[in-house]
1. Starting from the coordinates of the alpha-carbon atoms of the stretch B:155-241, obtain the Kirkwood hydrodynamic radius over all distinct pairs and give the value in Å to one decimal.
2. When only Cα pairs under 8 Å and 6 or more residues apart are kept, what is the percent relative contact order across the stretch A:68-124?
3. Need one number: convex hull volume per residue for the stretch B:214-331, Cα atoms only, in Å³.
4. Translational diffusion coefficient of the protein assembly as shown at 20 °C, 1.002 mPa s, Stokes-Einstein with Kirkwood Rh over Cα pairs, in µm²/s as a whole number.
5. Can you compute the helix-only [θ] at 222 nm over chain B? Use -39500 (n - 2.57) per DSSP H run of at least 4 residues, normalise by all residues, nearest 500 deg cm²/dmol.
6. Among all the aspartates and glutamates, which ones have a C-alpha under 12 Å from B:Lys297's C-alpha, if same-chain residues fewer than 8 places away are not counted?
7. Quick one: what does P(r) look like for chain B with 20 Å bins over all Cα pairs, in whole %?
8. Indicate, rounded to the nearest 5 percent, the antiparallel portion of the DSSP beta bridges found entirely in the protein assembly as shown.
Amino acid sequence: MSKRAIAVSAAVIAAAAVILAAICIFMLGSRGGDCACIYSDGKKLYSINLGAVTEPYELTVSGKNGTNLIRVESGRICVREADCPDKTCVNTGWISDGLFPIICIPNRLEIRIENATEIDGVAQ
Amino acid sequence: MKKAFFLFLAAAMLLCGCDKECSVSETLFVFDTVLTVTLYGESGTQLEEAIDGIKIITDSINKCASAHNPDSELSRLNSSAYNCDIAVSETLYEIIKTGLYYSELTDGTLDITLGYLTEKWAIGTERFSVPDEEYIGKYKELDGYRAVLTDDENRTVRFSDDKIRLDLGGIAKGFAAEKCDEYLRYLGIDKALLDFGGNIVAVGRKSEDSQWKIGIKNPLDNGIFAAVSCENKSVVTSGNYERYSTLDGVRYHHILDGKTGYPSDSGVISATIIAENSAEADCLSTAVFVLGAEKGKSLIESIDGAEAVIIDENLNVTATSGITDDILEIL
């Protein structure tokens, strides 16, 4: 391999490393905070960056057998009201990490915070 | 110039690692709980098809083994098997035989014939009530699992007492998880995480460098008490916090002790089993919860390939000899 080819190879590898580093920095910088995903009957309806929430707000999700009123604040999320009979979802309270989801079985609602923990699953 | 382009491509591939793995995740509502299935592989289409297969497996097991659905095959069996040989499906027969095996192995500590009691208690539902002593006395007179007679050749089930009712709640989820695990391996999918309402199956390894890390819920709050590192294992916990009802300030949890007829009072509030077979882990976690820490540990030590992490009401931990420091991390 000629000296010129070696110089070109080195330059190309250096350029690729710079580009990759820039991509990594961009991706890490854009993560912001934990992401709360709201599913209805297994289908994702919303994906909310909790770290980017500045003003609290509420949204209503209509499910299989009724509705759930969800409150979103900076870094946390909960079901404030629901018309299900057991109110398990309301009683779960706020969640702010990925350990336990909020589940409403009657209305088939699930709120899960994703990519927030090194724990892959929880036996319970 | 062409040479430089290929050099650039080679360098980019080297730096990016050429990782082709993709994942598909789906949430299913079956067994009165939530199942979360995450599959990993190189073909998204294959993973999507595998999810469809898992839906079919779990739906069919739920339809045949649910005690709450009056139209299920189990409900029909419960209402007609007294003194009569009833032919059942292959799936239901296999669940019943597995349940009977663990009922015998645990000397009735896990008993799949608790239906007569669980129907009356109805813990965790609006129908909850505390049965009177007379009712519980009638249950205690029964022969339990010994009153369930099976015929392998004709695949029939018969009850020798009119009060026998099967309740497969202590095994159905684990059985379904095991069948899904077998199905994924048949398809060649060797990395997956199945969460069947807290019954976990960790298929394969998380990565070349690391195992799956499965948390054990703190039985006293919403945190994680400990974590278990594992691969190709099922991790199942029975806890007194899962489902309960409260009356006059007394909390009644849903794990009944067939020998007393009341919710188990062994001092254990969380029993976790780590085993290769999820149905086994499901059955044994209930048995250990009811047996208590000392007897539960002895039982699990006698079973090849199974390990236990048992937490009592003072948060003391009892673990079997195979649970080493690199497997269990108390958080």
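1. Numbers: mean 1/r = 0.0659 Å⁻¹.
In the stretch B:155-241 this quantity evaluates to 15.2 Å.
2. Details: 86 pairs, mean separation 14.0, N = 57.
The value is 25 percent.
3. 102
4. The Stokes-Einstein estimate is 88 µm²/s.
5. Values: 9 runs with 115 residues, N = 331.
Calculated mean residue ellipticity at 222 nm is -11000 deg cm²/dmol.
6. Of all the aspartates and glutamates, those that pass the test against B:Lys297 - Cα under 12 Å, at least 8 places apart if same chain - are B:Glu307.
7. All Cα pairs, binned at 20 Å, distribute as 30, 54, 13, 3, 0 percent.
8. Antiparallel bridges make up about 95 percent of those DSSP assigns within the protein assembly as shown.
No value in this document is a laboratory result; all are computed from the given coordinates. Remember, predicted model here, so these are calculated numbers, not experimental data. Please note: Cβ atoms are built from the backbone with ideal geometry, for glycine as well, and neighbour counts cover all protein chains shown.
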